[in-house]
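Step one of this worksheet: look at the structure below.
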Amino acid sequence: MTKILDFTKEINIEEMKEAADAIRNGELVIFPTETVYGIGADATNSKAVDEIFVQKGRANDNPLIVHISDFDNLDNIIEKPSLIEQRLMDAFMPGPFTLILKKKSIIPNNVSANLDTVGIRMPDNIIAHDLIKLSKCPIAAPSANLSGKPSGTRVCDIFNEFNNKVSYIIDGGETKVGVESTVVKVIDDIPTILRPGAITPEDIINVVGTCKISDNIFKKATGVVESPGMKYKHYAPNTECLLVYSNDINKLEDLVKENSNKDTIIIGCNELKNKFRDIEYLSYGNFNDYEEISHNIFRLLREVDKHNKKKVVIMGVKKEGLGIAIMNRLIRSASYNYIER
Ligand code: TXA
Ligand code: MG
């Protein structure tokens, strides 16, 4: 039986301790972070970690991120970071940021999918912080969604996927950022973004003066890649998806008009809603309001399937700042079905 802990108004510390004990006992707990919900297990317990892969239906060559609550004991799990790595950690932890570092053997090989590195992240969310702290172990956690589905940003969206498959689900309300953390690996002294998120290339340049973005952000990766997650189908509704974008809002309207009809549903900006009065329309926020859009996008991708339409047409955003992360997710949701004008 899965026990739901409702911490949307306040944290109940006794219940939090129960959930932390479950982690220590090798059980699974779903918890909120500032990005998306995670499905967590003791990162030093390979059997517990195996169970995450089973319950998510996740490919075992796709490594998990290890979550910490503070920098204490970090040297038990990773080798000493380089100067640049340390500066990135000081600047962006806690926060929506994951740094790939050399792991020590206490982290079992299934966490890292047999790589010699591990992603380390310190969530900026009090529930996540307290859970990790009380469980007294690092927590391995991928996003809480069945593999291939949009990441969970509210408990009601993922309850059916994980009911009776985990010991606890901690409800902390809607997550703030809405897209997963920026994943960075320092390669030849240059921070390289493997997955874009709310920590942007500009943020990284401001700290260490340089930043690269992996070539695979907007295209389909195959074979050996820097980050195995790049290879897999992601964030996809069951409904067929088309992503369209233009910097010019009038051209964007035309593009959507050309590609939609009564059998279509649209996910798009507030400004154009009234232009599509006879087509179902889900608003994600104002045109290019990246924070609002990233907060809403996974919830809306999940909502699409409830409308039983043949196709969803999604308005993209400009590929800048947090918009890079939104487009990275949407291009994958649409299986690279993308028109730009
Ligand atoms: O915001 C987040 O990062 C959320 C919350 C729960 O913390 N977690 C999350 O985990 O998104 P997941 O497993 O859905 O995505 C982890 C990504 C995958 O694309 C994976 O391939 C990559 O990080 N990754 C993990 N470890 C890696 C490593 N050692 N080297 C390269 N990429 C790695
Ligand atoms: Mg995920």
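The values are calculated or read from the model by the stated rules, or taken from the named source; none is laboratory data. Just so we're clear, the structure is a prediction, and the values are computed from it rather than from any experiment. Positions of Cβ are generated from backbone atoms using ideal geometry, with glycine treated the same way; all protein chains shown enter the neighbour counts. Surface accessibility is based on the protein's heavy atoms, side chains included, excluding ligands, DNA and RNA. Shrake-Rupley method; radii C 1.70, N 1.55, O 1.52, S 1.80 Å.
Observations on the model:
- Candidates Phe53, Phe159, filtered to the one that is away from ligand 1 (no atom under 11 Å from the Cβ) and among the aromatic types (Phe, Trp, Tyr): Phe159
- Residues in the stretch 60-72 that are surrounded by fewer than 14 Cβ atoms within 10 Å (Cβ to Cβ) and in contact (Cβ under 8 Å) with a residue 60 or more places away in the chain: Asp61, Asp70.
Rundown of residues vs (1) in a loop (DSSP other than H, G, I, E, B); (2) within 16 Å of ligand 2 (Cβ to nearest atom); (3) within 28 Å of Met315 (Cβ to Cβ), yes/no style:
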residue: Gly197; (1), (2), (3): yes, yes, yes
residue: Ile204; (1), (2), (3): no, no, yes
residue: Asn216; (1), (2), (3): no, yes, yes
residue: Lys220; (1), (2), (3): yes, no, yes
residue: Val224; (1), (2), (3): yes, no, no
residue: Met230; (1), (2), (3): no, yes, yes
residue: Lys233; (1), (2), (3): yes, yes, yes
residue: Pro237; (1), (2), (3): yes, yes, yes
residue: Cys241; (1), (2), (3): no, no, yes
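- Exactly one residue out of Ser246, Ser227, Ser260 is over 26 Å from Thr200 (Cβ atoms) and either open to solvent by 10 Å² or more (accessible area, probe 1.4 Å) or in contact with a helix residue (DSSP H, G or I) (Cβ under 9 Å, 6 or more places away or on another chain) (or both): that is Ser260.
- Selected residue (criterion: farthest from ligand 2 (Cβ to nearest atom)) from residues of the stretch 96-151 that are hydroxyl-bearing (Ser, Thr, Tyr) and part of a loop (DSSP other than H, G, I, E, B): Ser105
- Residue that is within 15 Å of ligand 1 (Cβ to nearest atom) and open to solvent by 10 Å² or more (accessible area, probe 1.4 Å), where the choices are Glu174, Glu202: Glu174
- Among all residues of the stretch 41-50, there is none that is part of a strand (DSSP E or B), closer than 21 Å to Thr182 by Cβ and in contact with a strand residue (DSSP E or B) (Cβ under 7 Å, 6 or more places away or on another chain).
- Close Cβ contacts (under 7 Å, 6 or more residues apart or on different chains) running from residues in the stretch 299-322 that are more than 22 Å from Asp203 (Cα to Cα) to residues that are among the hydrophobic types (A, V, I, L, M, F, W, C) and in a loop (DSSP other than H, G, I, E, B) comprise Ile314/Ala334; Met315/Cys269.
- Check on Ile139, open to solvent by 10 Å² or more (accessible area, probe 1.4 Å) and within 15 Å of ligand 1 (Cβ to nearest atom): no
- Only listed residue being over 17 Å from the mean Cα position of the chain (by Cα), among the acidic types (Asp, Glu) and within 26 Å of Thr153 (Cβ to Cβ), chosen from Asp130, Asp90: Asp130
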